[in-house]
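Dropping a structure here in structure tokens format, bear with me for questions.
The values are calculated or read from the model by the stated rules, or taken from the named source; none is laboratory data. No experiment lies behind these values; they were computed from the predicted model shown. For neighbour counting, all protein chains shown are included, and Cβ atoms are generated from backbone atoms with ideal geometry for every residue, glycine included.
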């Protein structure tokens, strides 16, 4: 799909897309309102995760053509790997430092950011959106995957 | 500066570096893959897609359940 087509598609959302968006927002609102460490929290998070996993695992799921093109050289990923190593290293350094309260981790930072219902709602909605992005371009009509 | 502030500053610097890398990668001629190309490369295989989904699911579980 070209850029102009994508813009047009976003501007003219179909009724089904609007309904799906509204359903996702409702789901996110309820899921972000329940307490952690409870059965409702487990169920409301597990169901979308399972749905995305099933859509990814289905035998006919194939990647879109852009994913089936030639692979870029591995050296173009080195900077990203170094960055990931730096983040993991810093996280572990903070995690194993004492006293624990004096050293923030990504978990403690996100817990603080997601401590209110509105922020938690936005976080959950963003999580659902990421899940949708991972399956939206998987279809039976696309070319076969590249063999690893 | 307290150890807490040092920790927060470290994460802020790393976030800034990630954003800078994503911007630099979009410039033509730079031998760094863009963020979208990186994700696309992981998703090239079924295994990569499954690992990505499992990572996504773990993040959701960690943030919203535990």
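Pairs, please: C-beta under 6 Å, at least 6 apart or cross-chain, first residue modelled with pLDDT of 90 or more and in segment A:17-44, second part of a loop (DSSP other than H, G, I, E, B) and surrounded by 15 or more Cβ atoms within 10 Å (Cβ to Cβ)?
Once the first residue is modelled with pLDDT of 90 or more and sits in segment A:17-44, its partners that are part of a loop (DSSP other than H, G, I, E, B) and surrounded by 15 or more Cβ atoms within 10 Å (Cβ to Cβ) give A:40/A:34; A:41/A:34; A:41/B:65; A:42/B:65.
Go through (1) surrounded by fewer than 16 Cβ atoms within 10 Å (Cβ to Cβ); (2) modelled with pLDDT under 90 one by one and return the number of the condition residue A:67 breaks.
Residue A:67 satisfies every listed condition except (1).
Here's another thing I want to ask about it. For segment B:40-54, which residues satisfy the criterion of being outside any loop (DSSP other than H, G, I, E, B) and either loosely packed, with under 11 Cβ neighbours inside 10 Å or facing another protein chain (nearest Cβ under 9 Å) (or both)? Show your work before the answer.
Taking segment B:40-54 first, the residues outside any loop (DSSP other than H, G, I, E, B) are B:40-42, B:46-54.
Across segment B:40-54, the qualifying residues are B:40, B:41, B:46, B:47, B:48, B:49, B:50, B:52, B:53, B:54.
Here is a further query. Could you tell me whether segment A:139-146 includes any residue that is at pLDDT 85 or above and either part of a helix (DSSP H, G or I) or in contact with a helix residue (DSSP H, G or I) (Cβ under 7 Å, 6 or more places away or on another chain) (or both)?
Looking only at segment A:139-146, we keep the residues that are at pLDDT 85 or above, and these are none.
Scanning segment A:139-146, I find no residue that is at pLDDT 85 or above and either part of a helix (DSSP H, G or I) or in contact with a helix residue (DSSP H, G or I) (Cβ under 7 Å, 6 or more places away or on another chain) (or both), so the answer is no.
Okay, moving on. Please find, among A:127, A:132, the residue that is under 18 Å from residue B:56 (Cα atoms) and modelled with pLDDT of 95 or more.
Values: A:132 fails: modelled with pLDDT of 95 or more.
Only one candidate qualifies: A:127.
Hey, another quick one. Starting from residues that are at the interface with chain A (Cβ under 7 Å from one of its Cβ atoms) and assigned to a helix (DSSP H, G or I), keep the ones in segment B:12-39 and report whichever is surrounded by the most Cβ atoms within 10 Å (Cβ to Cβ).
Filtering segment B:12-39 down to residues at the interface with chain A (Cβ under 7 Å from one of its Cβ atoms) leaves B:14, B:17-18, B:21, B:31-33, B:37-38.
With assigned to a helix (DSSP H, G or I) added as a condition, the list becomes B:14, B:17-18, B:21, B:37-38.
On the way: B:14: 16, B:17: 15, B:18: 16, B:21: 17, B:37: 17, B:38: 19.
Of everything passing the filter in segment B:12-39, B:38 is surrounded by the most Cβ atoms within 10 Å (Cβ to Cβ).
Please go through segment A:76-108 and give me each residue that is more than 7 Å from every other protein chain (Cβ to nearest Cβ) and either in contact (Cβ under 8 Å) with a residue 40 or more places away in the chain or within 25 Å of residue B:41 (Cβ to Cβ) (or both), ordered by number.
A:78, A:81, A:82, A:84, A:85, A:88, A:89, A:91, A:106
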